[in-house]
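Visitor: To start, I am sharing the structure in question, which I have written as structure tokens.
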Amino acid sequence: MAIGYNRTTPAPTGGQVLGAHPAPSTSSTPVIDVRNVFRIYESAAGYFTALRGVSLQVMRGEFLCIMGPSGSGKSTLMNTLGCLDTPTSGTYLLEGLDVSTLSDDELAELRATRLGFVFQSFNLLPRATVLRNVMLPLTYTDIPKSERTKRAVRALTSVGLPPEYFDHYSNELSGGQMQRVAIARALVNDPAVILADEPTGNLDSATGEMVLKTFVRLREAGKTIVLITHDPEVCAWGDRTMHIRDGRLLSDEEERAVVEAHGGTGRGRT
Ligand code: ADP
Ligand code: MG
């Protein structure tokens with residue numbers, strides 16, 4: 001199955017799972033290009049507009065943090081970026097490709113090959129080894145087993161998990177180790193974008209810092225990272241922060257203006 005443009009996924013070379021990936025478009029094309037997206041939920045209670053004209057561009061190698069309180073639309077935005085949900089209106093171009101033109105199968109392929117997901121709750125298989133968890137996204141590919149193992153080992157090495165843990169069951173690991181395994185699993189397909197929803201939400205601050213350092217290293221290796229959080233300290237690790245409020249995205253400056261207009265009590269930021 002081929003998606004829209006001619007893409008081949010080369011095997012990582014030279015022991016580098018995080019190597020450069022040939023982009024289908026020029027380096028000045030945003031990896032993520034969201035234009036005036038609305039998402040209106042329809043339920044028995046009526047209509048609810050969770051995203052109100054969201055526009056967002058993220059360039060290759062950028063580490064963007066999106067911060068907002070509960071109910072502001074973070075998960076809705078993440079599901080949109082992750083091609084798990086479709087905007088009611090507006091467009092979303094991922095690596096220059098309009099995702100609204102894709103079939104369900106093509107979207108599934110896009111998610112499996114171009115996007116890596118990291119969740120607050122790790123979402124590992126507890127009774128599978130670390131290595132098997134990381135190899136999982138490669139299950140339905142035609143990559144031979146020996147190559148799958150090699151790629152999983154590279155991904156685990158790139159997130160700094162010592163080899164003695166590779167054969168452990170994932171439920172024998174600490175929270176920080178589990179999240180690093182989950183990041184390795186998100187990386188094993190060499191995706192363009194890593195989408196992380198509150199990845200440090202279940203970790204103490206020292207362990208969370210270790211995980212954030214892993215994201216910084218990935219960003220230095222050219223990965224594009226979008227991380228959602230409600231913690232301003234987490235945002236300090238990214239290149240740029242956008243704020244989301246009632247389904248609208250605001251830059252740092254716009255957010256400050258809103259906070260000042262509310263007498264400095266905008267959202268209890270210190
Ligand atoms: P966050 O992740 O920031 O907490 P969400 O994106 O989950 O916010 O939700 C944004 C708003 O949309 C909330 O008010 C929520 O109640 C509403 N919402 C989310 N999903 C649905 C749905 N399936 N049907 C109706 N309303 C929804
Ligand atoms: Mg949420």
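The values are calculated or read from the model by the stated rules, or taken from the named source; none is laboratory data. Model, not experiment: these values are computed from the prediction. FYI the Cβ positions are ideal-geometry reconstructions off the backbone, even for glycines, and counts take in every protein chain you see.
Visitor: Quick check: is even one residue across the stretch 48-57 buried (at least 16 other Cβ atoms within 10 Å of the Cβ), more than 16 Å from ligand 2 (Cβ to nearest atom), assigned to a strand (DSSP E or B) and not polar (S, T, N, Q)?
Guide: Yes, the conditions are met somewhere in the stretch 48-57.
Visitor: Right, another one. Spot the failing condition for Gly73; the list is (1) within 16 Å of ligand 1 (Cβ to nearest atom); (2) within 24 Å of Thr229 (Cα to Cα); (3) surrounded by fewer than 20 Cβ atoms within 10 Å (Cβ to Cβ), and only one is missed.
Guide: Answer for Gly73: the failing condition is (3).
Visitor: Can you tell me which residues in the stretch 32-47 are away from ligand 2 (no atom under 16 Å from the Cβ) and touching a Leu at 6+ places or on another chain (Cβ under 9 Å)? Show your work before the answer.
Guide: Within the stretch 32-47, the subset away from ligand 2 (no atom under 16 Å from the Cβ) is 32-38, 40, 42-47.
Listed by number, the residues that qualify are Ile32, Asp33, Val34, Arg35, Val37, Phe38, Ile40.
Visitor: Name the pairs whose Cβ atoms lie under 8 Å apart, with the first residue in the stretch 59-76 and over 19 Å from Asp239 (Cβ atoms), the second of a type in the set (A, V, I, L, M, F, W, C) and near ligand 1 (Cβ under 6 Å from one of its atoms), and 6 or more positions between them or separate chains?
Guide: Between residues of the stretch 59-76 that are over 19 Å from Asp239 (Cβ atoms) and residues that are of a type in the set (A, V, I, L, M, F, W, C) and near ligand 1 (Cβ under 6 Å from one of its atoms), the close pairs are Gly73/Ala50; Thr76/Ala50.
Visitor: Considering (1) surrounded by fewer than 17 Cβ atoms within 10 Å (Cβ to Cβ); (2) at pLDDT 90 or above; (3) not in a loop (DSSP other than H, G, I, E, B), say which one Ile225 fails and leave the rest.
Guide: The one condition Ile225 does not meet is (1).
Visitor: Can you name the residue in the stretch 228-242 that is farther than 19 Å from Leu56 by Cα and within 16 Å of ligand 2 (Cβ to nearest atom) and, of all such residues, is surrounded by the most Cβ atoms within 10 Å (Cβ to Cβ)?
Guide: Val234
Visitor: Could we say that Glu198 is acidic (Asp, Glu) and at pLDDT 90 or above here? Write out each step before concluding.
Guide: Values: acidic (Asp, Glu): yes; at pLDDT 90 or above: yes.
Taking the combined requirement at face value, the residue satisfies it.
Visitor: Could you count how many residues in the stretch 125-159 are aliphatic (A, V, I, L, M), farther than 28 Å from Arg60 by Cβ and either out of contact with any strand residue (DSSP E or B) (no Cβ under 9 Å at 6 or more places or on another chain) or in a loop (DSSP other than H, G, I, E, B) (or both)?
Guide: From the stretch 125-159, those aliphatic (A, V, I, L, M) are 125, 128, 130-131, 134-136, 138, 143, 152-153, 155-156, 159; that's our starting set.
Now restrict to residues that are farther than 28 Å from Arg60 by Cβ: 125, 128, 130-131.
Still in the list and also either out of contact with any strand residue (DSSP E or B) (no Cβ under 9 Å at 6 or more places or on another chain) or in a loop (DSSP other than H, G, I, E, B) (or both): 125, 128, 131.
Qualifying residue count, the stretch 125-159: 3.
Visitor: All but one of (1) at pLDDT 95 or above; (2) farther than 19 Å from Gly82 by Cβ hold for Ser27; which doesn't?
Guide: (1)
Visitor: Which one is surrounded by the most Cβ atoms within 10 Å (Cβ to Cβ), of the residues in the stretch 147-169 that are touching a residue at least 24 places away in the same chain (Cβ under 8 Å) and over 19 Å from Asn189 (Cβ atoms)?
Guide: Tyr165
Visitor: Every residue in the stretch 167-197 that is outside any helix (DSSP H, G or I), farther than 25 Å from Ser70 by Cα and of a type in the set (A, V, I, L, M), please.
Guide: Leu173, Val188, Ala192
Visitor: Counting only residues that are over 28 Å from Thr76 (Cβ atoms) and not in a helix (DSSP H, G or I), how many does the stretch 198-213 have?
Guide: Residues in the stretch 198-213 being over 28 Å from Thr76 (Cβ atoms) and not in a helix (DSSP H, G or I): 1 in total.
Visitor: Check the stretch 65-86 and report whether any residue there is basic (Lys, Arg) and away from ligand 2 (no atom under 16 Å from the Cβ).
Guide: No, the stretch 65-86 has no match at all.
Visitor: From the set of residues in the stretch 228-270 that are at pLDDT 95 or above and on the phi > 0 side of the Ramachandran plot, which is farthest from ligand 1 (Cβ to nearest atom)?
Guide: Ranking the candidates gives Asp246 first.
Visitor: Where the second residue is of a type in the set (Lys, Arg) and surrounded by 14 or more Cβ atoms within 10 Å (Cβ to Cβ) and the first is touching a residue at least 40 places away in the same chain (Cβ under 8 Å) and lies in the stretch 40-57, which pairs have Cβ atoms under 6 Å and are six or more apart or on separate chains?
Guide: If the second residue must be of a type in the set (Lys, Arg) and surrounded by 14 or more Cβ atoms within 10 Å (Cβ to Cβ), the pairs left are Ala50/Arg39; Leu51/Arg39; Arg52/Arg248; Ser55/Arg35.
Visitor: Scan the stretch 208-220 and give yes if some residue there is surrounded by 15 or more Cβ atoms within 10 Å (Cβ to Cβ), within 17 Å of the chain's Cα centre (by Cα) and within 15 Å of ligand 1 (Cβ to nearest atom), otherwise no.
Guide: Checked the stretch 208-220: no residue is surrounded by 15 or more Cβ atoms within 10 Å (Cβ to Cβ), within 17 Å of the chain's Cα centre (by Cα) and within 15 Å of ligand 1 (Cβ to nearest atom).
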